[in-house]
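*Asks:* Mind looking over this structure? Questions follow.
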Amino acid sequence: ADRRGRPSSAGWPARVCGARGEGVPAATSPSSTFAMTITLAAGCALVACGPILALFGVLVAPNDMLVILSIGSAFFWLITTSIASTVWFVSTLRAVGGRALALVLTVLLQELGRVAFYVLYTKADRVLQPDEQPQPPHPPPPSSLRQQQPQQPQQLQQPQQ
């Protein structure tokens, strides 16, 4: 019995969370700990990334241009964020007033990155999308050649047996 007169085996709190360590389970093996860690990490990753992966698979993946757009915009965002964090780090080394300037610079940098990606994407879109009426690669033939009727192909004669 414990101090209050209850039996010590009354429930799990007394066995698992004993004051003197009695009833505490032994440590698990390293291999089972590793397996539990991998399982937990996979579960957390699926919970965190599952909805966006489902949206990507249903909405973005069927369209090639949207895949290029999403990967390209993510790359531009990563580059501008890296540069902005460098500006912010350098500004923290300076005086207190440098943070306000760094904040303005990083916001402008992000917006310039968005505009640059938009310009690049529109240029790439014009190149990758075929025109409705393709232009001939050579100048049109002279008018004398245009008026001639195309010759009818001659029919092949069947060999006699």
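The values are calculated or read from the model by the stated rules, or taken from the named source; none is laboratory data. These numbers were taken from a predicted model, which means no experiment stands behind them. Cβ atoms come from the backbone with ideal geometry, glycine included; neighbour counts cover every protein chain shown. Remember, those area values only see protein heavy atoms, side chains included, never the ligands or the DNA or RNA. Shrake-Rupley method; radii C 1.70, N 1.55, O 1.52, S 1.80 Å.
*Asks:* Could you figure out which of (1) modelled with pLDDT under 90; (2) in a helix (DSSP H, G or I); (3) of a type in the set (A, V, I, L, M, F, W, C); (4) open to solvent by 90 Å² or more (accessible area, probe 1.4 Å) isn't true of residue 96?
*Replies:* (2)
*Asks:* Only one residue in 105, 66, 40 is within 30 Å of residue 128 (Cα to Cα), among the aliphatic types (A, V, I, L, M) and modelled with pLDDT of 80 or more, so which one is that?
*Replies:* 66
*Asks:* Of all residues in the stretch 27-76, which are open to solvent by less than 100 Å² (accessible area, probe 1.4 Å) and aromatic (Phe, Trp, Tyr)?
*Replies:* Those that are open to solvent by less than 100 Å² (accessible area, probe 1.4 Å) and aromatic (Phe, Trp, Tyr): 56, 76.
*Asks:* What are the pairs with Cβ atoms under 7 angstrom where one residue, in the stretch 100-122, is farther than 16 Å from residue 82 by Cβ and the other, located anywhere, is in a helix (DSSP H, G or I) and open to solvent by less than 50 Å² (accessible area, probe 1.4 Å)? Sequence gap at least six, or different chains.
*Replies:* 101/91; 121/72
*Asks:* Within the stretch 108-119, which residues are open to solvent by less than 50 Å² (accessible area, probe 1.4 Å) and more than 22 Å from residue 129 (Cα to Cα)?
*Replies:* Listed by number, the residues that qualify are 109, 110, 113.
*Asks:* Looking at this structure, is residue 103 aliphatic (A, V, I, L, M), in a helix (DSSP H, G or I) and open to solvent by less than 70 Å² (accessible area, probe 1.4 Å)?
*Replies:* For residue 103, the condition - aliphatic (A, V, I, L, M), in a helix (DSSP H, G or I) and open to solvent by less than 70 Å² (accessible area, probe 1.4 Å) - is not met.
*Asks:* List pairs: first residue in the stretch 80-92 and closer than 18 Å to residue 116 by Cβ, second residue surrounded by 15 or more Cβ atoms within 10 Å (Cβ to Cβ) and of a type in the set (Ser, Thr, Tyr) anywhere in the structure, Cβ distance under 6 angstrom, at least six positions apart or on different chains.
*Replies:* Cβ pairs passing all conditions: 84/106; 87/106.
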